[in-house]
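Note sheet for the following structure.
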Amino acid sequence: MMRSVLALVAALLLSACGKGTYYPVPPSEARSALLASEIPVMLFGSQAGGTEAVIRRGDTVVWRVLDMDDNELLRLSAQVQPDGEGSRIVTDVLPPEGPNKARAEKGIAANPQIAGLYRTIANEQVNAVLNQRDFNMASITPAMMSAALVTMPQIQQQAMKAASEAQKQDRANIQRAYEADAHGWGSGGESGPDTKYGEPMDGSDE
């Protein structure tokens, strides 16, 4: 009885604050449908190997984004609360458990546009599943563009650093080639025959 009262209070608070999105689907059905779904893994970059949905705290569906070794990279969540005859669902982006937790927490806090992109992905996943349609990439495009604009300077900086390292390596290779030529090293690592100007190169007596 107490749990039902608390759930009702929570739903009323969410509704009063306008938080979350209403769906005309009972909470149990909404959770079951979301739990059976997978978010397209391509949305999380080349390090992601898959996504897995699990239930947390009884009313929240969590998608765990995993790397190739099944370590968690990120979590997206959908809290499902009763709202009349339907459900009100609040999505969020969360740090994972495990070795990537601290890095993810720092990244989420420092990059609100990227965190916003992940929330948009979670919203679209919920919308697609509960409306029984495919994931719509166009719906997340504005958030993707916003995140790309924010990360562009960092990408450019990394590219410039990589180019600088490549130039250093090229200069070192050229310097070694000059030194090898100055010492008369051949491809086999030995110098050629010691001949004088005007003498035959093949050692003949002509």
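The values are calculated or read from the model by the stated rules, or taken from the named source; none is laboratory data. Small disclaimer: the values here were computed from a predicted structure and weren't measured. Virtual Cβ from ideal backbone geometry, glycine too; neighbours counted across all protein chains shown. Just the protein is used for accessible areas: all its heavy atoms, side chains included, with ligands, DNA and RNA removed. Shrake-Rupley method; radii C 1.70, N 1.55, O 1.52, S 1.80 Å.
Brief remarks follow.
- Heavy-atom SASA rank of ARG176, ARG133, ARG103 (probe 1.4 Å, accessible area, largest first): ARG103, ARG176, ARG133
- Per-residue packing, averaged as other Cβ atoms within 10 Å, sorts the ranges 120-131, 48-59, 20-31 into the order 120-131, 20-31, 48-59, beginning with the highest.
- Extended-chain gain in nm, criterion 0.36 nm per residue less alpha-carbon gap, ALA109 and VAL54: 17.4 nm
- Cα-based equivalent ellipsoid, region 40-126: semi-axes from gyration tensor eigenvalues, Å: 23, 14, 12
- Potential lengthening between ASN136 and ASP69 on full extension [0.36 nm per residue; Cα-Cα distance subtracted]: 21.3 nm
- Accessible area in square angstrom per residue, region 48-140, 1.4 angstrom probe: 48 Å²
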